[in-house]
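The values are calculated or read from the model by the stated rules, or taken from the named source; none is laboratory data. Computed from a prediction, not measured in an experiment: that's the story for all the values here. Virtual Cβ from ideal backbone geometry, glycine too; neighbours counted across all protein chains shown.
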């Protein structure tokens, strides 16, 4: 892995070198017959914060950690993307047999200097995180750990083994025995050997490796075409659907969303290629109302590739979502406050209480799907043209949900000596594992696009999909209930057999693209392009089961208006004013219906050398974003792009990033 | 007769060469006396004599010394599309007419014939209100006769002193109508007129952007247009009506095609008149010095000589960078037709096309704003049609030498965009090639995409 990192740096430095040389570049053909061509993209992109981070409102969330001040560096991303393509058909002499036999080999080298340059908070955060993770790996005997950020481990082993009886009722096998759902007793004091065995198979999630230093054979595939059949085999990206800049139906390749703000980075650069077999078979050239209609299918063998979206909630990366205070700090604070201690504002540690910091260990465990055939992604669709004007597709596929969902495991019970009226002894789980799972889902959907020639002519794009069994979040199911002392006195009982609920969603997008809008002050001979989209989703699943669980375990919470609303999705704290006029955190549940719109206007000025663009993103849930940028082509092979990204409004969804406004500049060098 | 005329033209040109060597004052005096003759050069010193023989914005370039071109003779009767074409043209004169929409229909049945080739309306009467659209169809069917094509074209954005940027395009056109009978597609269930694929091959940030278009013979059926967008890795439907918009900020749009590529039924046409003008012509085609290579899979490739054909390609050139430095000028009689788009969102309010009265080739395409102001003026160099090495087919499209260029000048912004062809043997400039219809399927775009 170290070698990979070194290569990442070498690749990025090579990019700098080439950019610095600034000689005009054309594609390099490697042979006389021009069958093998080398092209490349290099860029360096720097981003600077233009607002200071909001601090967490309480230990349960909000704000951005670590805080960033105005003018501080947030990104120093360097990318080298050399691409070698070749026509093997002519080279080998198979033109008589195959229509196409070609390959593409694209390398990707990334180096982000955020951990090595700038104001240092990310380097310090990463160091603390790494130390805590390594410490925990060593401290598998159950001894008290030093306070520090909760580490993220990765592996494919279950934290607990879950079996199902003949009636489909889950049974959890824990170190201390097997118990039926839903009310299993928790184990007595943890068995350090069992925990050690679990941890031994895990890897520490390394944000530097994941986000800042990469050297990979990014796309490696062969194209084969014969007659009506086209096959592409190898590591590749596949995109289905009609949306622009974001995706709805093409939930096939995982996305890396950690190198920029929402809507601010190229979707294509976010995509992570998968080892895939993909085929396209033309079945109808023209028949009745159908023309150019074919079948397309893909298969990502699960025994080869189960790559998932990178996941990071630790506060050690500029574009990680706000997780509020560190989970370990929260655990420490809860343990103290549970035994008579006092909570302090923000992310300050709690004081007092009987339980020293680190007694309760918190771990974030990203459980990756094991590599086996059951974890394959696969799907098929029919795509074609109807009545010569309507381009359609209908498809079904199995893939992984974009957003992983957590499930908290409470293990290794400790006996805490407290007095009446609490039960004796008062038991506390000393090892809390927040397991993040990437769940499979099945998607059925279709697309339609056509030209609308009447008033303000444009292209209508529509997608709709039914997303079945998508992993979801319902507070009581995923997180369970660990009652505090006051909770117990109020009648709360523990619910520790957590699980990841499943939900069904209907999602759709409507788009309307206008190409014939002329703004003479910009150009009389070039139109502007206006792209408009509206994404929406509706959750179809019932909440009855969760209401019953909550009524059984936390009867008091039902009377709390802020917690009485059940929802799929992580409730988010936002600030509201209470009756005394004080700003206090409020939990905002995610409603069944969500939507999001965006509008992008792009123009061509100065003979196409200057391309200004502005994107508005808006959510009826109360946040919006403005993303203007301008690209100037200094030469055919040298581009500079300057942009601003601002997010405003409620602390919700995209609004989580509202304290991260930034400006950036990208210098790109192309070998064409 | 044709050969004689060409010999005469060549003789005139060589005599002109002698004249060029004479004292400049003498030449000017002679020019004033006899007008612009083959062998003379149109430049700042002789521009006054070309008044009324060129579009005014083009003439200005000569007056200012920004353009300079030799004049050659292209007498009537030089160039041919072959006997099959001529025979069918004669038959068309009796059998074809236009319906109310401007669509070509059979006189007897009143229906669109399943296949048309040859010049549909060889006898154009200036008094006929449908003359302009007949002229336009003649232009198209003379062009279609040249068969399917595959060209790698450089689109260059040019300012007065040099090139701003360049984009390489790999373009395929398949025709379903107007071809020689032996090349007629066996079936055409969608009633297509043509299909094209245009893939951007450079610069790298646009690489892989691929457009696919289908044009139907049905007058009321809009084109179908899609593009594979590499940044999205998706195929997106495009507006078939957005044909007047400059490609990526350039001055050249889809409707500029090889000269004009709009759908005739999308405009209201008017005949403005006829005149004699100086057309840009290709010296190599005029001299019948085209280098044609027979392709193993059928068709012919034109290999262009490596000579500068535009100002920015010639380091010694002092005029505007988009000047057609290698082109010659030939005096020809043209029709002038004017088209007003039916689509109010079309960028231009009026197009003015000059089309050769004998061979129906386009020469100048001028575009005006909806207020009548000239915005864009484009020109294309062509030459007489000649037989191909197989003795059966004929080529009359564009140049084959130094003037493989189409120039679209933005008159208001003092800039231009040119389409030019690379002078390399392995660069496709192919005609009469066989193209499988499945190559133009919607699905094919995925193959072009990364």
- Any chance residue A:246 is more than 9 Å from every other protein chain (Cβ to nearest Cβ) and at pLDDT below 95: yes
- Task: Hey, can you tell me all the residues within region B:373-390 that are surrounded by fewer than 24 Cβ atoms within 10 Å (Cβ to Cβ) and within 18 Å of residue B:301 (Cβ to Cβ)?
- Result: B:385, B:386, B:387, B:388, B:389, B:390
- strands (runs of 3 or more DSSP E) wholly in region B:303-368 with at least 2 residues that are in contact (Cβ under 8 Å) with a residue 60 or more places away in the chain and on the phi > 0 side of the Ramachandran plot - which ones? none
- Note on the structure: Within region A:517-533, the residues that are part of a strand (DSSP E or B) and either at the interface with chain B (Cβ under 10 Å from one of its Cβ atoms) or buried (at least 19 other Cβ atoms within 10 Å of the Cβ) (or both) are A:517, A:528, A:529, A:531, A:533
- Query: Based on what the data block shows, is residue A:268 surrounded by 19 or more Cβ atoms within 10 Å (Cβ to Cβ), within 9 Å of another protein chain (Cβ to nearest Cβ) and over 13 Å from the mean Cα position of the chain (by Cα)?
  - Reply: no
- Query: Using beta carbons and a limit of 6 Å, which pairs, at least six apart or on different chains, have the first residue in region A:356-367 and within 27 Å of residue A:310 (Cβ to Cβ) and the second one at pLDDT 80 or above and assigned to a loop (DSSP other than H, G, I, E, B)?
  - Reply: A:366/A:311
- Near pairs, Cβ below 6 angstrom, 6+ apart or cross-chain, from region B:85-102 (farther than 8 Å from residue B:119 by Cα) to any residue that is loosely packed, with under 14 Cβ neighbours inside 10 Å: B:93/B:123; B:95/B:107; B:97/B:107
- Note on the structure: Of A:631, A:600, the only residue that is in contact with a strand residue (DSSP E or B) (Cβ under 9 Å, 6 or more places away or on another chain), more than 10 Å from chain B (Cβ to nearest Cβ) and either buried (at least 18 other Cβ atoms within 10 Å of the Cβ) or closer than 19 Å to residue A:510 by Cβ (or both) is A:600
- Given the conditions (1) buried (at least 16 other Cβ atoms within 10 Å of the Cβ); (2) closer than 18 Å to residue A:306 by Cα; (3) modelled with pLDDT under 95, report the number of the one that residue A:234 does not fulfil. (3)
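When you check residue A:647 against the structure, is it assigned to a strand (DSSP E or B), touching a helix residue (DSSP H, G or I) at 6+ places or on another chain (Cβ under 7 Å) and either at pLDDT 95 or above or away from every other protein chain (no Cβ under 14 Å) (or both), yes or no?
When the stated conditions are applied, residue A:647 passes them.
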- Of these, B:224, B:244, which one is within 30 Å of residue B:112 (Cα to Cα), within 13 Å of chain A (Cβ to nearest Cβ), in contact with a helix residue (DSSP H, G or I) (Cβ under 6 Å, 6 or more places away or on another chain) and modelled with pLDDT of 90 or more? B:244
- Message: Suppose we keep only residues that are more than 11 Å from every other protein chain (Cβ to nearest Cβ) and assigned to a strand (DSSP E or B) within region A:279-301. Which one would you say is farthest from residue A:376 (Cα to Cα)?
- Response: A:297
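Quick one: would you say residue A:663 is modelled with pLDDT of 90 or more, more than 20 Å from the chain's Cα centre (by Cα), more than 14 Å from every other protein chain (Cβ to nearest Cβ) and farther than 27 Å from residue B:164 by Cα?
So residue A:663 passes the test.
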- Restricting attention to region B:384-396, and to residues there that are in a strand (DSSP E or B) and within 24 Å of residue B:70 (Cβ to Cβ), which single residue is modelled with the highest pLDDT? B:386
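Just one of A:343, A:386 is in contact (Cβ under 8 Å) with a residue 24 or more places away in the chain, over 29 Å from the mean Cα position of the chain (by Cα) and farther than 21 Å from residue A:150 by Cβ; which is it?
A:386
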- Query: Here are some residues: A:432, A:460, A:436. Which one is more than 14 Å from chain B (Cβ to nearest Cβ) and over 30 Å from residue A:340 (Cβ atoms)?
  - Reply: A:436
- Quick check: is even one residue across region A:466-487 over 30 Å from residue A:552 (Cβ atoms), in contact with a strand residue (DSSP E or B) (Cβ under 9 Å, 6 or more places away or on another chain) and within 14 Å of chain B (Cβ to nearest Cβ)? no
- Please determine, by comparing only the residues of region B:254-281 that are more than 15 Å from residue B:350 (Cβ to Cβ) and part of a loop (DSSP other than H, G, I, E, B), which one is farthest from the other protein chains (Cβ to nearest Cβ). B:258
- Query: What residue, among those in region B:369-383 that are part of a loop (DSSP other than H, G, I, E, B) and more than 13 Å from the chain's Cα centre (by Cα), is nearest to the other protein chains (Cβ to nearest Cβ)?
  - Reply: B:369
- Item | All positions within region B:231-241 that are within 7 Å of chain A (Cβ to nearest Cβ) and touching a residue at least 12 places away in the same chain (Cβ under 8 Å) | B:233, B:237, B:238, B:239, B:240, B:241
- Item | One residue from B:355, B:407, B:336 being buried (at least 18 other Cβ atoms within 10 Å of the Cβ), over 12 Å from the mean Cα position of the chain (by Cα) and away from chain A (no Cβ under 14 Å) | B:336
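Only one residue in A:595, A:672 is farther than 19 Å from residue A:528 by Cβ, in contact with a strand residue (DSSP E or B) (Cβ under 8 Å, 6 or more places away or on another chain) and either modelled with pLDDT of 95 or more or buried (at least 19 other Cβ atoms within 10 Å of the Cβ) (or both). Which one?
The unique qualifying residue is A:672.
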- Task: Would you please name the residue that is farthest from residue B:450 (Cα to Cα), looking only at residues in region B:184-205 that are touching a residue at least 24 places away in the same chain (Cβ under 8 Å) and surrounded by fewer than 19 Cβ atoms within 10 Å (Cβ to Cβ)?
- Result: B:184
- Query: When residues of region A:206-231 are filtered for being within 8 Å of chain B (Cβ to nearest Cβ) and without any contact (Cβ under 8 Å) to a residue 60 or more places away in the chain, how many remain?
  - Reply: 0
- Task: Just name the residue that is nearest to the other protein chains (Cβ to nearest Cβ) out of those in region A:83-102 that are assigned to a strand (DSSP E or B) and surrounded by 18 or more Cβ atoms within 10 Å (Cβ to Cβ).
- Result: A:100
- Task: Could you please give the count of residues in region A:232-246 that are part of a loop (DSSP other than H, G, I, E, B) and in contact (Cβ under 8 Å) with a residue 40 or more places away in the chain?
- Result: 8
